[in-house]
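Input: one structure, supplied below.
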């Protein structure tokens, strides 16, 4: 039997490699589009930027990643879209 601690992060949050996502920017408290899940990590995700296809050098915490809005599309056009939403409750 698998416990929560052993479950892969993408099963907990419902995100998998290739999914179009938004990442929470703590500097300006906004969700930013233009990213996709590159791979799941121990505590979060490795994220790929659409604009240059680079994988970010740090693992992004799972609570700072969410599925992109369906109208966001994918690719470079969404990389400049910034959406302001209240951030989820801090742990």
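Could you please find all residues in segment 49-63 being in a helix (DSSP H, G or I) and either under 12 Å from residue 16 (Cα atoms) or at pLDDT 95 or above (or both)?
The answer is 62, and nothing else.
Every residue, every condition in (1) at pLDDT 95 or above; (2) under 9 Å from the mean Cα position of the chain (by Cα); (3) exposed (fewer than 14 other Cβ atoms within 10 Å of the Cβ), yes or no:
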position	(1), (2), (3)
13	no, no, no
30	yes, no, no
33	yes, yes, no
37	yes, yes, no
47	yes, yes, no
72	no, no, no
76	no, no, yes
81	no, no, no
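The values are calculated or read from the model by the stated rules, or taken from the named source; none is laboratory data. Fair warning: this is a prediction, and the values are worked out from it, not measured in the lab. When we count neighbours, we look across all protein chains shown, and the Cβ atoms used for this are built from the backbone with ideal geometry, even at glycine.
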